[in-house]
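Student: My questions will all concern the structure given below.
The values are calculated or read from the model by the stated rules, or taken from the named source; none is laboratory data. Everything numeric in this text was worked out from a predicted model, so none of it was measured. As a convention, Cβ positions derive from the backbone with ideal geometry for all residues, glycine included, and neighbour counts pool all protein chains shown.
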Amino acid sequence: MRQYYGYIRRGSPLIILFLVTLRCTPVRLHPQCLDFKPPFRPQQELQFCSPYKEFGCCNYEKDQDLLTKFYRIMGNFDYHGYANCASYVQELLCQECSPYAAHLFDAEDASTPVRTIPGLCPDYCAQFWKKCSSALEYLSDDPHLAKVKADQALLCQYLQLGDGDYCYPDIVNNPQLSQNLGRVHSDGEGCLHLCLEEVANGLRNPLAMVHANDGTHRFFVAEQLGLVWAYLPDRSRLEVPFLNITKAVLTSSWEGDERGFLGLTFHPKYRFNGKLYVYYSVEVGFDERVRISEFRVSSHDMNLVDHGSERVLLEIDEPASNHNGGQVLFGDDGYLYIFTGDGGMAGDPFGKYGNAQNKSALLGKVLRIDVDDNERGPLYRIPPDNPFARHRDARPEVYAYGVRNMWRCSVDRGDPRTRQGKGRIFCGDVGQNKFEEVDIIEKGRNYGWRAREGFSCYDKKLCANSSLDDVLPIYAYPHKMGKSVTGGYVYRGCEHPNLNGIYMFGDFMSGRLMSLQEDQNTGHWNYHEVCMGMGLTCAFPGLINNYHQYIISFAEDEAGELYFMSTEIPSATARSGVVYKVVDPSRRAAPGQCHYDPLPVRVKSKLIEFQPQETLTGLELPGHSQAELDPTVDWLQELIDELGEPELTTPPATTTSTRPPRPTKRKGRRRKAKHRAAAVPPPPADGAVRLAGEGHELGDRGRVEIYAGGEWGTVCDDLWTGRNAEVVCRQLGFRGALKAAKHSEFGQGWSLRILLDDVQCTGTEASLLDCKHAGLGAHNCDHHEDAGVVCGNSVESGV
């Protein structure tokens, strides 16, 4: 049932109660250490601060430093003083090891001075003052403490935190904070909350990022135009490109062109032979082809390819301009794998069964060749165990077939300890018009296209053929979720232990980040969407929580850390591409655990220093800590005085620039102000939004309803993300969105038309009408998919 906003009198008990509730609602914290990084699990068990031996902010060395400090302090006490103060001194010192150390020491905001003593709860502070106030001079050199330590009330007021619910020791016993501590945070729908770090920007459709595995920890980013840039470990870029074959590469500036420089990989023994391999589109006469070539690095400059060294290994005719494949990689077996598309058009119309099912064609295949020892003789050889090497009706290069257009594949490094999963090849295979899929490549297997798309039959006659014997994907999703899969990587890095074993991938069209994790008992792959952390979740130096929509590719660096590339404008000439590093804000590896020393890089080109451009959204940290506020000010009375005497007003039913008034509990009718009952408010502007829904009366959450074309309507939750919610909440006067609600969480707007579907915002638009969408009134959903939001002004980490 529709819900309308009525009037609220200035100074009324309703609004005062609402504001008091906002004031008193505790801020949800996030774990953070005094070095502004997430907590960790110590590699060696702590002896002194043992309550934090499983998870916290101290390693063994820090624990021993605190123990030494404890002995130094307690050396100033006699037996009686030791008996009274030892436990207090130990507890206060060990709060540096608490996973909430940054909060306790008021260090979450870098603009405020860090406390020397953690924030204490009043009762605990009173007991400490009574038994052990003499320890203050040894615990802290804060001159203000010396002034107030003789007065319990002043001292405890000074040591109190602004949000008193989360002081020590209450913070230790708070089940909401201890529950799932150190695990990846997920919301009620199972969406994993992660953060990002910007690594490179200003790129033109960056579609590959690889490393040379040569110990230098450089990374190389390829642009669709045919340029490859070399980056040093400090993220500075060499001014001269590593490779430039733009004159040979066939592509264009129109958005969505699938031709161009498509793949890059380094030989496993690159450090010794200097070989690398590329996959790109070319035009030969009137024919379009894909070319796989070998290059060598320059003998004079380790950051420059010898452009005269190109040797063409393969050229394959492309009957259409799309479905060009493009992945090249080396498997654990040392062979070069090449992933081709089915030739383009739609439905693989080539021949009786299509290119993908035709083993005598190189299109729609996974190819495997041996490029070792090719200085003399053939440029490549056929591995003797290739499945069709001795079949007369098959090309010997074919390793697997029945693929449509695999876009981005990767090799699993395996679990760092057990090596489980090592060598598996994961691929995202782009679907036709219904499903996208993720596959694990196996020798000689048929991946079903064009008989099958995902788990569904595409060519029903071919699908019914008993000889098909196709392997099903490990996961497939419908086009409601996205329309062009971008394959990713299984995380095997060191910095984020919680992510080990998670396969992360995305969708180019919808911008959706997704993950799969294998159940070791059943072999089933469990799906979780990946969301950007809201509020405090990503409030660490250098982290952000937003990215450009068009996810082009994924990557891992030499240490195994995970990255992806996306762009705001999917054109080979638009410099809107960014490389992002994936970060788990809930837990990091122990300090020193992931240390490596890159080999030196001899640089002859000018270096361009990296300048981050992206920023954290939906969060505004206060400029001063709560401890600095004057406790003598009666803020509530000042608020009441500012609101003034009660007065009846009639605010408009909608608002696009200010926070909506609190809705009435009565439904189905508008409450009228007595003195202005005859007033007719002007119609809202197109794009105006309001929040509706039963039982949600605070005005900060509800079903999203938008005014357009002279009527109010709802928004479908297809492609509904936090960036869409940000637009709505900021339009309503909030700082940001805490949640993008789906599945008609706030009720179904049956009496309204669905006006918007497939909304895709960047987060900066003035209204949803300015975002990409299917068109006013065009949709393929029902009201059970009505979208909603939860907005907020606080620095909460999410709902």
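Student: Using the structure shown, decide if ASN386 is in contact with a Lys or Arg (Cβ under 7 Å, 6 or more places away or on another chain), under 29 Å from CYS463 (Cβ atoms), surrounded by 15 or more Cβ atoms within 10 Å (Cβ to Cβ) and at pLDDT 95 or above.
Tutor: yes
Student: Please find, among THR537, THR567, the residue that is among the hydroxyl-bearing types (Ser, Thr, Tyr), within 23 Å of ASP35 (Cβ to Cβ) and buried (at least 23 other Cβ atoms within 10 Å of the Cβ).
Tutor: After applying the criteria, what remains is THR537.
Student: Moving on. Given the structure, is GLU529 part of a strand (DSSP E or B), modelled with pLDDT of 95 or more and surrounded by fewer than 21 Cβ atoms within 10 Å (Cβ to Cβ)?
Tutor: Judged against the criteria, GLU529 is a match.
Student: For ALA200, state whether it is buried (at least 21 other Cβ atoms within 10 Å of the Cβ) and not in a loop (DSSP other than H, G, I, E, B).
Tutor: Taking the combined requirement at face value, the residue satisfies it.
Student: Looking only at the range 112-145, count how many residues are among the polar types (S, T, N, Q) and either assigned to a loop (DSSP other than H, G, I, E, B) or under 12 Å from GLN157 (Cα atoms) (or both).
Tutor: The total comes to 3.
Student: So, restricting to strands (runs of 3 or more DSSP E) that lie completely within the range 284-352, which ones have at least 2 residues that are acidic (Asp, Glu) and in contact (Cβ under 8 Å) with a residue 12 or more places away in the chain?
Tutor: Passing ranges, in order: 287-297, 305-317.
Student: A further question on this structure: Of the numbered conditions (1) out of contact with any Phe, Trp or Tyr (no Cβ under 9 Å at 6 or more places or on another chain); (2) modelled with pLDDT of 95 or more; (3) among the hydrophobic types (A, V, I, L, M, F, W, C), MET345 satisfies every one except a single condition; which is it?
Tutor: Condition (2) is where MET345 drops out.
Student: Which of the residues belonging to the range 486-513 are within 23 Å of PRO38 (Cα to Cα), in a strand (DSSP E or B) and of a type outside the set (Val, Ile, Thr)?
Tutor: Result: TYR503, MET504, LEU513.
Student: Quick one: in the range 444-498, which of the residues that are under 29 Å from ASP557 (Cα atoms) and among the basic types (Lys, Arg) is surrounded by the fewest Cβ atoms within 10 Å (Cβ to Cβ)?
Tutor: Step by step, filter the range 444-498, then rank; the result is LYS483.
Student: Then there is this: (1) within 22 Å of GLU397 (Cα to Cα); (2) at pLDDT 95 or above: which one isn't true of PHE272, the others all being true?
Tutor: Exception for PHE272: condition (1).
Student: Of all residues in the range 725-777, how many are among the hydroxyl-bearing types (Ser, Thr, Tyr) and closer than 21 Å to MET481 by Cβ?
Tutor: 2
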